[in-house]
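Colleague: Pasting a structure here, questions to come.
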Amino acid sequence: QVQLVESGGGLVQAGGSLRLSCAASGRTFSNFVMSWFRQAPGEEREFVAAIYWNGIIDYSESVQGRFIISRDNAKNTVYLQMNSLKPEDTAVYYCAQRQFGTNGSSRVANSYAAWGQGTQVTVST
(Lines give C-alpha, C1' and ligand atoms only; values in the text may rest on other atoms or scores of the structure.)
Protein backbone atom coordinates (compact mmCIF):
# COMPACT_ATOMS: atom_id res chain seq x y z
CA GLN A 1 0.00 0.00 0.00
CA VAL A 2 0.97 3.62 -0.47
CA GLN A 3 1.01 6.30 2.23
CA LEU A 4 0.29 9.93 1.37
CA VAL A 5 1.23 12.91 3.54
CA GLU A 6 0.17 16.46 2.70
CA SER A 7 1.97 19.58 3.85
CA GLY A 8 2.14 23.29 3.08
CA GLY A 9 -1.22 24.50 4.30
CA GLY A 10 -1.64 27.61 6.39
CA LEU A 11 -3.28 30.99 6.74
CA VAL A 12 -2.93 33.52 3.93
CA GLN A 13 -4.64 36.71 2.85
CA ALA A 14 -6.85 36.85 -0.21
CA GLY A 15 -4.72 37.20 -3.31
CA GLY A 16 -1.80 35.34 -1.78
CA SER A 17 -0.22 32.03 -2.70
CA LEU A 18 0.57 28.67 -1.14
CA ARG A 19 2.20 25.53 -2.43
CA LEU A 20 0.92 22.22 -1.13
CA SER A 21 2.99 19.05 -1.28
CA CYS A 22 1.94 15.42 -1.14
CA ALA A 23 4.70 12.93 -0.45
CA ALA A 24 4.10 9.28 -1.28
CA SER A 25 5.85 6.34 0.35
CA GLY A 26 5.49 2.60 0.32
CA ARG A 27 4.38 0.80 -2.81
CA THR A 28 3.89 3.00 -5.83
CA PHE A 29 2.82 2.22 -9.38
CA SER A 30 3.59 3.90 -12.67
CA ASN A 31 0.04 3.86 -14.03
CA PHE A 32 -1.69 6.07 -11.51
CA VAL A 33 -3.68 9.27 -11.18
CA MET A 34 -2.80 11.76 -8.46
CA SER A 35 -5.45 14.26 -7.48
CA TRP A 36 -6.21 17.02 -5.03
CA PHE A 37 -9.60 17.33 -3.36
CA ARG A 38 -10.85 19.79 -0.78
CA GLN A 39 -13.59 19.80 1.81
CA ALA A 40 -15.06 22.77 3.64
CA PRO A 41 -17.07 22.36 6.87
CA GLY A 42 -20.54 21.02 6.20
CA GLU A 43 -19.81 20.35 2.54
CA GLU A 44 -18.93 17.30 0.49
CA ARG A 45 -15.44 16.61 -0.72
CA GLU A 46 -14.80 18.55 -3.94
CA PHE A 47 -12.48 17.72 -6.81
CA VAL A 48 -9.74 20.28 -7.41
CA ALA A 49 -7.17 18.92 -9.86
CA ALA A 50 -5.72 15.70 -11.23
CA ILE A 51 -2.53 14.72 -13.03
CA TYR A 52 -2.32 11.49 -15.02
CA TRP A 53 0.61 9.23 -15.79
CA ASN A 54 0.51 10.37 -19.41
CA GLY A 55 0.78 14.05 -18.45
CA ILE A 56 -2.86 15.01 -18.93
CA ILE A 57 -4.07 17.49 -16.34
CA ASP A 58 -7.63 18.23 -15.28
CA TYR A 59 -8.76 21.22 -13.20
CA SER A 60 -12.10 22.10 -11.74
CA GLU A 61 -13.55 25.28 -13.19
CA SER A 62 -13.32 27.01 -9.82
CA VAL A 63 -9.50 26.82 -9.78
CA GLN A 64 -8.72 26.89 -13.51
CA GLY A 65 -6.18 29.60 -14.24
CA ARG A 66 -5.19 30.00 -10.59
CA PHE A 67 -3.89 26.61 -9.45
CA ILE A 68 -1.17 24.45 -11.00
CA ILE A 69 -0.76 20.74 -10.30
CA SER A 70 2.59 19.10 -10.96
CA ARG A 71 4.47 15.92 -10.12
CA ASP A 72 8.08 15.08 -9.37
CA ASN A 73 8.42 11.36 -9.99
CA ALA A 74 11.98 11.21 -8.66
CA LYS A 75 10.76 12.53 -5.30
CA ASN A 76 7.42 10.69 -5.37
CA THR A 77 5.74 14.00 -4.70
CA VAL A 78 2.80 15.86 -6.21
CA TYR A 79 2.36 19.60 -5.77
CA LEU A 80 -0.47 22.08 -5.92
CA GLN A 81 0.63 25.67 -6.51
CA MET A 82 -2.24 27.87 -5.38
CA ASN A 83 -2.24 31.46 -6.64
CA SER A 84 -4.72 34.33 -6.34
CA LEU A 85 -6.34 32.63 -3.38
CA LYS A 86 -9.90 33.53 -2.48
CA PRO A 87 -11.79 33.10 0.80
CA GLU A 88 -13.93 30.44 -0.87
CA ASP A 89 -10.77 28.34 -1.31
CA THR A 90 -10.74 27.80 2.46
CA ALA A 91 -10.92 24.06 3.11
CA VAL A 92 -8.98 21.00 4.15
CA TYR A 93 -7.01 19.87 1.11
CA TYR A 94 -6.41 16.16 0.53
CA CYS A 95 -4.25 14.34 -1.96
CA ALA A 96 -5.36 11.00 -3.33
CA GLN A 97 -4.07 8.26 -5.61
CA ARG A 98 -6.06 6.14 -8.03
CA GLN A 99 -4.70 3.23 -10.03
CA PHE A 100 -5.06 2.98 -13.77
CA GLY A 101 -8.13 0.99 -14.75
CA THR A 102 -10.32 2.07 -11.86
CA ASN A 103 -13.89 2.53 -13.04
CA GLY A 104 -15.64 5.86 -13.06
CA SER A 105 -14.66 9.48 -13.42
CA SER A 106 -11.41 10.55 -11.76
CA ARG A 107 -13.36 13.46 -10.30
CA VAL A 108 -15.29 11.12 -8.01
CA ALA A 109 -13.74 10.96 -4.56
CA ASN A 110 -14.84 7.43 -3.69
CA SER A 111 -12.99 6.03 -6.71
CA TYR A 112 -9.65 6.66 -4.97
CA ALA A 113 -8.02 4.00 -2.82
CA ALA A 114 -5.34 6.01 -1.01
CA TRP A 115 -5.79 9.31 0.82
CA GLY A 116 -3.68 11.59 2.92
CA GLN A 117 -4.87 13.08 6.20
CA GLY A 118 -5.29 16.57 4.77
CA THR A 119 -3.81 20.00 5.32
CA GLN A 120 -5.81 23.09 6.30
CA VAL A 121 -5.85 26.10 3.99
CA THR A 122 -7.47 29.26 5.32
CA VAL A 123 -7.79 32.39 3.20
CA SER A 124 -8.70 35.56 5.05
CA THR A 125 -10.30 38.70 3.68
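The values are calculated or read from the model by the stated rules, or taken from the named source; none is laboratory data. Bear in mind the structure is a predicted one, so any value in this text is a computation, not a measurement. Virtual Cβ from ideal backbone geometry, glycine too; neighbours counted across all protein chains shown. The accessibility values were calculated without ligands, DNA or RNA, using every heavy atom of the protein model including side chains. Shrake-Rupley method; radii C 1.70, N 1.55, O 1.52, S 1.80 Å.
Colleague: Given a Förster distance of 30 Å, report the FRET efficiency between SER84 and SER7 from their Cβ-Cβ distance, rounded to the nearest 0.05.
Modeller: The pair SER84/SER7 has a calculated efficiency of 0.90.
Colleague: If you don't mind, another one. Carbon and sulfur together cover what percent of the accessible area of the chain at a 1.4 Å probe radius?
Modeller: 48
Colleague: If the chain between ASN73 and ARG19 were fully stretched, how many nm would it gain, using 0.36 nm times the residue separation less the Cα-Cα distance?
Modeller: Additional length available on full extension: 17.7 nm.
Colleague: Could you work out the mean projected area of the convex hull around the alpha carbons of the chain, in square nanometres to one decimal?
Modeller: Taking the Cα atoms of the chain, their convex hull projects to 7.2 nm² on average.
Colleague: Quick one: net charge around ILE69, please, counting Lys, Arg +1 and Asp, Glu -1 for every other residue with C-beta under 12 Å from its C-beta.
Modeller: Result for the neighbourhood of ILE69: +1.
Colleague: So which trypsin sites (Lys or Arg not before Pro) in region 71-125 are both in a DSSP loop and have at most 15 other Cβ atoms within 10 Å of their Cβ?
Modeller: Details: sites: ARG71, LYS75, ARG98, ARG107; in loops: ARG107.
Within region 71-125, the qualifying trypsin sites (Lys or Arg not before Pro) (loop, at most 15 other Cβ atoms within 10 Å) are ARG107.
Colleague: Could you report the chain's accessible area per residue, 1.4 Å probe, as an integer in Å²?
Modeller: Dividing the accessible area of the chain by its residue count gives 53 Å².
Colleague: Can you give me the distance in nm between label points at GLN117 and ILE57, each placed 7 Å from the Cα along the Cα-to-Cβ direction?
Modeller: Going by the 7 Å Cα→Cβ label model, 2.9 nm.
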